[in-house]
Amino acid sequence: MSPPPSLRHELARILTLTSLGWLAAVFLVVALSVRHEVDDLLDNTLQESAEMLYGMLVLHHHDMPRGAGVTMPAPPHEESLVWQIVDARQQVVLRSHRAPTTPLLPAFKPGFSDAEAHSRVYAMALPQDQEVLYVGQPGPDRIESRYEAIGLVGASALLVGLGCALWLRRRVRQAMLPLQELSQQVQAYDPTRAATDLPPPARQEFVEVRAAIMELGQRLARRLASEQAFAAHAAHALRTPLAGMEAQLAIALKEASSAGRPRLERTREAVHRLKRVVSSLLLLFRSEGELQVQDISLASLVPHLAPEALQVEVQQQGPLRADPNLLAAALANLFENCRRYGASRCVLRCEPDGAAQVLTLLDDGPGLSAERRAALGAQLAQADSETGLGLRLAALVAGAHQGRLLLCPGGLGAQGFGVSLRLWDSAAPPSPGKA
């Protein structure tokens, strides 16, 4: 399953696309504006140059040579503008070095005209001999000047726009930081611990969100406290009559005949098992959120928990940190399950797996089919399933230790049943004695 889309990434993507579109639009507008202004500037330069040449040619009319293909005497140089004097017969009688020998325009038209090869020509009539003056700018020079200006101004605009886009992207990332902080605060929020209450909102938009989360947390805390109080009260109420029943059964066993003893023994074992389950539930609800973590030696703990008819082999290959009372309650119920379902021997292993501490219990009982094991695993994943109380209690204890309970694919030998308690699977264990 793919993760949900990120709000920060979505905002950054929208901002990036918007910025790129805005930069393209700005560049287009700047390019068109610069082209228009450069063309106006070049036209003005062309007109002023023609007017200056007009005055010089009129003053020195009689001193200048005339004839087909004659050029103005001048040292070698590069010309950005070319000019011609054309007579009434459309012959060029005087020109600049780069000017062609044919007229720039096919017919005289005063003012600006577009000529071949994107050239621009300004035409003026001279006062003598029906001659005209053509002053032109070659197309390549004009295009080069135009695009140099567009490139310089456009690049500057793009750099400024890109800098603004990067700054806006950074500001979006900074503006999202309070939302990330709120997410971390909500993740650490525990309605049963006042120290984890959400701090005052950092933004006005978070006021209602914080209020809703705090209200929901308070409702959950009240419901949890009510359920824990009820469970503790029920466990207390059940434990006293169960102890009385166990005592009465012990007396009855002494007075019973040999024929009735087996039935009384089974009844006493059932009462003892029920008493142990009630004690485990009471211990679990009392310890909720207040684990007393200690270093545990399974070799010292297990002998007091295993039933007499079950042989337990302990293999501890690493340190084990857990609440000893909760762990004892879970193991006692798992051992009882092994005995009830026909096992005579089991192995309890403890070994590290990365940061987790794994307790694996394997027995030599009849085991389960693959279909039944899969169904049982699915039931364990549901909080309201009808899984046996022993497995459910072990799963709750594993969850209290930031872990989970898993079913093993097999047990001891060809058959058997196995479970694995992965403690501290999602968080590191606290120091001994701290919750």
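The values are calculated or read from the model by the stated rules, or taken from the named source; none is laboratory data. Because the structure is a prediction, the values reported are computed rather than measured. A quick note on method: Cβ atoms are made from the backbone with ideal geometry, for glycine too, and the neighbour counts reach across all protein chains shown.
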Query raised in the report: List, please: which pairs have Cβ atoms under 9 Å, are six or more places apart or on different chains, and start with a residue in segment 181-208 that is exposed (fewer than 12 other Cβ atoms within 10 Å of the Cβ) and end with one that is among the polar types (S, T, N, Q)?
Result: ALA188/THR196; PRO199/GLN185
Report task. Looking only at segment 255-268, decide whether some residue is surrounded by 12 or more Cβ atoms within 10 Å (Cβ to Cβ), free of Cβ contacts under 8 Å to residues at least 12 places away in the same chain and in a loop (DSSP other than H, G, I, E, B). Result -> yes
Report summary line: The lone condition HIS233 fails out of (1) more than 21 Å from ASP190 (Cα to Cα); (2) in contact (Cβ under 8 Å) with a residue 12 or more places away in the chain; (3) not aliphatic (A, V, I, L, M) is (2)
Query raised in the report: Listed residues VAL302, VAL314; which is part of a strand (DSSP E or B), in the same structural domain as GLN402 (by TED's automatic domain parsing) and modelled with pLDDT of 80 or more?
Result: VAL314
Query - Residue satisfying all of: in segment 310-337; of a type in the set (Asp, Glu) and over 44 Å from the mean Cα position of the chain (by Cα); surrounded by the fewest Cβ atoms within 10 Å (Cβ to Cβ) among these - result: GLU313
Query raised in the report: Does PRO307 satisfy the condition of being surrounded by fewer than 19 Cβ atoms within 10 Å (Cβ to Cβ), assigned by TED's automatic domain parsing to the domain that holds LEU407 and either part of a strand (DSSP E or B) or out of contact with any helix residue (DSSP H, G or I) (no Cβ under 8 Å at 6 or more places or on another chain) (or both)?
Result: no
Query raised in the report: Would segment 423-433 turn up any residue that is modelled with pLDDT of 90 or more and in the same structural domain as ASP323 (by TED's automatic domain parsing)?
Result: yes
**Report entry** Residues (β-branched (Val, Ile, Thr), modelled with pLDDT under 85 and over 14 Å from LEU133 (Cβ atoms)) located in segment 55-113
**Finding:** VAL70, THR71, THR101
Query raised in the report: Out of (1) within 42 Å of the chain's Cα centre (by Cα); (2) under 30 Å from ASP129 (Cβ atoms), the odd one out for LEU17 is which?
Result: (2)
Query raised in the report: Within segment 335-358, can one find any residue that is in contact with a helix residue (DSSP H, G or I) (Cβ under 7 Å, 6 or more places away or on another chain) and assigned to a helix (DSSP H, G or I)?
Result: yes
